[in-house]
Every structure is written in structure tokens, then in C-alpha cells.
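K.L.:
Provided herewith is a single structure, encoded as C-alpha cells, for subsequent inquiry.
The values are calculated or read from the model by the stated rules, or taken from the named source; none is laboratory data. Being a predicted model, the structure only gives us computed values, none of them experimental. Don't worry about glycine lacking a Cβ; one is built from the backbone with ideal geometry, like all the others, and counts go over all protein chains shown.
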Amino acid sequence: MGIDARGHIISTDSNEAATALSAAIEAFAARQSIAASHMQKAIAADPECAFGQAMMGIMLLGARTTALREQAKQAMVAAEKHSQQVSTREKQYVKALQHTYAGQLEDAVRCYEAVLAEHPTDLLALVFLQSELFWLGDMVWTERVSAQVAPHWNADVPGYTAFLAIRAFDLEENNRFAEGEQVTQEALKLNPADVWGAHAFAHIMLMQNRIDEGIAWMDERQSLWDDANQMQYHLAWHHCLFLGERHQHEKMLAIYDERIRNRDHALCAAMPDLYIDLQNGSSLLWRLEQAGVDVGNRWQELADVCAPRVNDMSNPFTSAHFALVLAANEQFDACDELIAAMESFANDTNHDLALRYRKAALPAAKAAIAHRKGDHHGVIQQLKPAQQDLWNMGGSHAQQDLYYQIWADSAAKQGDKKAYADLMHVIEKIGFVEPTARIAYAQA
């Protein structure tokens, strides 16, 4: 029998497995790339550890690709087989894996909620819960949970910095910027290299239009995140968003090539089609082209990894970005195949993501394709009716903003002042401060 850093039971007879799992939890919560290595050591040391198999399966499904479903299924079968003699808490992780594999994502979240109700310092449950709800678009739910467990956290509890970062991001996405900044600054004071805390602060600065501060802050700290998982690429994406507002396009391209889509980097080489990396890359290329920058053959590199995944309905927001990439390469037959797959999934499945594809991802994908074809009326026809539903495809306000920028550009090119005015109302309601001062909306 082992325990994690906060004293939660890990049912295994292997000290090596318990130690590796505890290390994996801390690394995963800190968004460190070494988490995968710890997990592999844990499973090798005790393949009959139900909690370890459940954690592995959930992490595999968290990569949001059908390519890893078979491995996740194997982990699930092993977790089920050995779950009879484990703690009630660990059984909830097995159930969460079963629900996630079946597409019952909200039920999986309820499993994590059940864990946190009894064990409010279970950091892994909180990380999994926030991640799932983030991609379900429900940041109200995750903020409620992090608020409920907050009284149980303090500087004496291991992992406190990671908790603060989670809490800060919940607050930011609910437009509670002052509170979020206070919490994230506490996290970064304790650990200046905290990736998720830095991520929360980058969002706060962008939402408040603190562009020059954001550039300087990111310039000073980017080397702190070299041990992070793909979040280091996403922080580079945030850096580029600030740079774009100041027309620093050459620096953006350099960061894109060195830190966002560097196929020689170990993380990108290991998984060149990770969903968030494709989101980062395509949304930046679109912004650069809107600024009149020649991006060369960079769209083609993205298309090479997106095209084989047009039938992969693992993540609504990613599918919408696939449309952006394929349309940019004028692969409109592939776009048609993608839209057909999305429509089939949205209409013919009980998966929790089906509704989100129907309400949000499909309008966004169709708008991206229409925009590339110069059909600006079609863009507005797709996005305006969906304006209250786009949050359903998941992602942050900063990420979803891409589709509002597409709307703004089409409204301008159509000369549709009402559509633009409607959009500004939506943007301000979302929480962007002084949106008309930002490049995309100022140009429109």
C-alpha cells in the first residue's frame, strides 16, 4: 500500500509503483513532460495496480485522438480486472475512465466531484475535472468546484501552487480578473516556473488588453518552461498573440518555427498531431495572413497531419481548426469529408460531445471554410445564429476569439455594420476589455 504526496491511498504492493505514481501525479499537475515517464515506470512495476491503469487510461484519452483509444481500452480492461480490492476513491477513477471511454464526459466529471467531496486535496481529480470541463466549455462548473475545495488548501499542503494555478484560471475564465491575478501572483511567487499559473496570468493580461506588459513578461520568462509538456508551446502561442498586437510579425514567425511547430523538438517529434499544438499553429497562421504576412508552406505542414484525422471526433474545437487548415490549403474535398463526418457524429450519437459539435463546432468549421472561399455572407450566416453557443466547443475566451475575428473580417468585407455591432456586443459580454483597440477589431 502506498500514498501520494497528500496522503491518499494508492493500492499496490509495489513500493516502486507507488513512488512512481506519486511522482507522476505531481509532474502531471505541474504540466511537466516527465509525467509520462513516471507513468510508464509505475505500470511496469505493477501492471495490476487499478489506480495506475485508470490514471494511464484517462491520460491517454486526454490526448483527444482516436489513435490512442485502443491503448486506453487496454488500460481500462486492466483497471476493471483489478479494481475489486481498491479504495472507494480509486474505484471512482476507474468509473471515470469507463465514462470517458464511452463518451459520457459529464458523468466522468461527476466521478471526480465525488472524489473531491470526500478528498478535497486530491489534486489529480481536480486537474482531470478542470481539463474535461474546459473542453466541454463549462468553466462555471469547474470554478464552483475549485471554490468548494479551496478552504482545504494552504501553503502546508503539498501541491498548493498547482491548486492556486487551477483556481486562478477558473477565476479568469469567469471574468473575475482581479481575483484571478491575485491568486496567480501568489502561485508564481511560490514557484516562478509554474506553467499553469503563468498560463492564467497570460490570459488575464490578454483579456485586459495589457499588451506591452504581456510581451515584456513573456520575454523574461519563456526559458522557465523548458521542462514543461506541450504547455510550453501554448505559452509561446500566448506570446505571439501579444506580439501580433504590436505588428512584430517576424518575431512571431521565429517563435512559431522554434517553439510552436518545431518538428525537431522532442515533444513535437513524439506527437506531431497533438490537438492543442494544431490549434496553436493554425490560429497563429490565420492571424499572420490576416496581417498580410506570407507564411510560406507552413499551412501544408499542418495539413499533412490534419488530413488523416478528418473522421476523428475527439474534440469539437480541434475539428473546427482542421477546417481552418484544410481550407487554407484549398483541400475542399477533404473539407467536405470533415463536415460530413462532423454532421454524422453530431446527429447520430449519444456522445456528450455530439451536442457541442452541432451547436458550435459545425458553425465554426463551416465559417472557416466559407471565409477562405471569400463567402463572407456565409460566414455571418453560420456564426451569428451560433453566437450564444460557441462556448460549447470548448477552449478559452482567447482561443475562441479566432472565430469572432473571422466574423469581424467578414462583416467588414460585407460592409455589414449591424453584424459588426452585434459582434462587438458579444465580445464585450464575453469579457474582453477595450476590444476595439485590438488589431482584428480595429481593422474591421
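K.L.:
Take the residues of segment 1-28 that are surrounded by fewer than 22 Cβ atoms within 10 Å (Cβ to Cβ) and assigned to a helix (DSSP H, G or I): which is nearest to the chain's Cα centre (by Cα)?
P.N.:
A27
K.L.:
Considering only segment 35-68, how many residues are more than 19 Å from the chain's Cα centre (by Cα) and in contact (Cβ under 8 Å) with a residue 12 or more places away in the chain?
P.N.:
So the answer is 15.
Residue-wise test of (1) hydroxyl-bearing (S, T, Y); (2) closer than 26 Å to L133 by Cβ.
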site	(1), (2)
L355	no, yes
K359	no, yes
A364	no, yes
H371	no, no
D375	no, no
L390	no, yes
S410	yes, no
P435	no, yes
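K.L.:
Now a separate question. In segment 229-321, which helices (runs of 4 or more DSSP H) lie fully inside it and hold 3 or more residues that are over 23 Å from D336 (Cα atoms)?
P.N.:
231-245, 249-255, 266-270, 275-290
K.L.:
Next question, about the same structure. Suppose we filter segment 40-52 for residues that are over 17 Å from D122 (Cα atoms) and either among the charged types (D, E, K, R) or touching a Leu at 6+ places or on another chain (Cβ under 8 Å) (or both); how many remain?
P.N.:
Looking only at that region, the number is 5.
K.L.:
Could you check how many residues of segment 29-48 are out of contact with any His (no Cβ under 7 Å at 6 or more places or on another chain), part of a loop (DSSP other than H, G, I, E, B) and over 23 Å from Y160 (Cβ atoms)?
P.N.:
Total satisfying the criteria: 2.
K.L.:
Note down all Cβ pairs under 6 Å where the first residue falls in segment 412-435 and is charged (D, E, K, R), the second is assigned to a helix (DSSP H, G or I), and they're at least six residues apart or on different chains.
P.N.:
K413/H376
K.L.:
I'm told V305 meets every condition in (1) within 19 Å of Q400 (Cβ to Cβ); (2) outside the structural domain of D401 (by TED's automatic domain parsing) except one. Can you identify the failing condition by its number?
P.N.:
(1)
K.L.:
Give the residue, chosen from V145, V149, that is closer than 19 Å to R89 by Cα and more than 20 Å from the chain's Cα centre (by Cα).
P.N.:
The match here is V149.
K.L.:
Here are the criteria: (1) more than 18 Å from V127 (Cα to Cα); (2) out of contact with any strand residue (DSSP E or B) (no Cβ under 8 Å at 6 or more places or on another chain). Tell me which single one T19 does not satisfy.
P.N.:
Only one criterion in (1) more than 18 Å from V127 (Cα to Cα); (2) out of contact with any strand residue (DSSP E or B) (no Cβ under 8 Å at 6 or more places or on another chain) is unmet by T19, namely (2).
K.L.:
What are the residue pairs meeting all of these: first residue in segment 156-174, first residue on the phi > 0 side of the Ramachandran plot, second residue surrounded by 24 or more Cβ atoms within 10 Å (Cβ to Cβ), Cβ atoms under 6 Å, and 6 or more apart or on different chains?
P.N.:
Note: pairs meeting the criteria are G159/L123.
K.L.:
With the condition kept exactly as written, say whether any residue in segment 374-381 is over 21 Å from the mean Cα position of the chain (by Cα) and among the small types (G, A, S).
P.N.:
The answer is yes; a qualifying residue exists.
K.L.:
Which residues, counting only those in segment 10-34, are farther than 26 Å from W196 by Cα and touching a residue at least 60 places away in the same chain (Cβ under 8 Å)?
P.N.:
Result: S11, single match.
K.L.:
Moving to a separate point now. I need the helices (runs of 4 or more DSSP H) fully contained in segment 352-399, keeping only those with at least 1 residues that are closer than 23 Å to A412 by Cβ and not assigned by TED's automatic domain parsing to the domain that holds A96.
P.N.:
362-373, 376-383
K.L.:
Would you point out which residue out of A398, A419, A365 is modelled with pLDDT of 90 or more and crowded, with 20+ Cβ neighbours inside 10 Å?
P.N.:
None of the others qualify; the one that does is A365.
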